[in-house]
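Heads up, the thing below is written out as structure tokens.
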Amino acid sequence: MRNEIYKPLIESIPLRRSTRAFLPEQLPKEYTEQIKHFFKDLELPFIHHARIEIFQAEPGKKLYNNGINPIDNLALIAETDLASISKAGFAGELVMLYAVSLGLSTCWFGHYKLSELGKYIDGIASADRIRESTMGYGYGKHIDAGERVICCMPFGRQNEKSKRLVDIVGAKLLTKRNPIEDLLEIPGSLNSCPEEIKDVLEYARLAPSAANAQMWRFGFGNGFTTVTVAKPVGYKHFKWEHPDVDIGMCAAHIWLGLLEKGYSPKVDVKADADRAFWMFDF
């Protein structure tokens, strides 16, 4: 990826916050066009088939499970095998960081009302798909279920005057991050880690995750020239059925950090037991 593209994304990592309250206004078309072109021109270090659909939702409808319905939204669409949904999380996080670099506020929503979304995107809300979803929200627990909307992302201007308690509390809780030492596959392995790799992991620990669960675990190999990230084997989130999406988001932060350090890492992701396993060799 060209320097002029990835540097604003890196600068956006510490600025990104999950926003639940948006101004009830449609953005100028230039923003949606810029996001479309960014995704189209995105050069990822792996083959993927994720795609995006940008749509404008009707105000006052309940697209999301908290009742907030900003006008401008993005649907992230991919296959639902472990590697594909994790790759989608990787690509989607880069788009979110790009939106932040444009001065926009964003949020990830894995739970969206499927029947409502079907009003804006054709072919994604059949009766069978609604039945397999979780109480009508999201795309359900099925793996290898074909192409689905993995997540939706509203984007726009934050409503600074919102006084909803859930937004105030959420803003505080969702910004807290565990220290890297608590996020390792092997406790104590950070002791011999080069400082520049610690810097990369500082970017990684700032990645978003469902309810700020921070389910990623970092590993090292080959004298710290390999970095891995995955969720623990057997991990289950209390409400989010597809945490490997979140692992892909974290992997995107690792990739950006390695690029900033001057590396051109070889990136591989594969299914490992019940999880997507990312490996960066540099």
Does region 97-104 contain at least one residue that is modelled with pLDDT under 95 and in the same structural domain as E25 (by TED's automatic domain parsing)? no
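This table checks each residue for (1) touching a residue at least 40 places away in the same chain (Cβ under 8 Å); (2) touching a strand residue (DSSP E or B) at 6+ places or on another chain (Cβ under 8 Å); (3) outside any helix (DSSP H, G or I).
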| site | (1), (2), (3) |
| --- | --- |
| F224 | no, no, yes |
| H237 | no, no, yes |
| W240 | yes, no, yes |
| A251 | yes, yes, no |
| I254 | yes, yes, no |
| S264 | no, no, yes |
| D268 | yes, yes, yes |
| A271 | yes, yes, yes |
| F280 | yes, yes, yes |
Is there any pair with a first residue in region 1-27 that is closer than 20 Å to L94 by Cα and surrounded by 13 or more Cβ atoms within 10 Å (Cβ to Cβ) and a second that is modelled with pLDDT of 85 or more and of a type in the set (F, W, Y) whose Cβ atoms are under 6 Å apart and which are 6 or more apart or on different chains, and what are they? I13/Y203
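Considering region 133-144 alone, what residues qualify as being at pLDDT below 90 and either among the basic types (K, R) or surrounded by 12 or more Cβ atoms within 10 Å (Cβ to Cβ) (or both)? Lay out the reasoning, then the answer.
We begin by selecting, within region 133-144, every residue at pLDDT below 90; these are 140-144.
Answer for region 133-144, where residues must be at pLDDT below 90 and either among the basic types (K, R) or surrounded by 12 or more Cβ atoms within 10 Å (Cβ to Cβ) (or both): G140, K141, H142, I143.
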Hits in region 104-125 (condition: hydrophobic (A, V, I, L, M, F, W, C) and not in a helix (DSSP H, G or I)): L104, C107, W108, F109, I121, I124, A125
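Find the residue count for region 105-132, including only residues that are among the hydroxyl-bearing types (S, T, Y) and either under 20 Å from the mean Cα position of the chain (by Cα) or assigned by TED's automatic domain parsing to the domain that holds R275 (or both). Walk me through how you get there before you give the answer.
Applying the first criterion (among the hydroxyl-bearing types (S, T, Y)) to region 105-132 yields 105-106, 112, 115, 120, 126.
After this cut, where a residue has to be either under 20 Å from the mean Cα position of the chain (by Cα) or assigned by TED's automatic domain parsing to the domain that holds R275 (or both) as well, the list is 105-106, 112.
Qualifying residue count, region 105-132: 3.
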Which condition does I68 not pass, out of (1) under 15 Å from Q158 (Cα atoms); (2) of a type outside the set (F, W, Y); (3) surrounded by fewer than 23 Cβ atoms within 10 Å (Cβ to Cβ); (4) at pLDDT 95 or above, if it passes all the others? (4)
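The values are calculated or read from the model by the stated rules, or taken from the named source; none is laboratory data. Just so it is clear, the structure is predicted and the values come from calculations on it, not from any experiment. In this analysis, Cβ positions are derived from the backbone assuming ideal geometry, glycine residues included, and neighbour counts consider all displayed protein chains.
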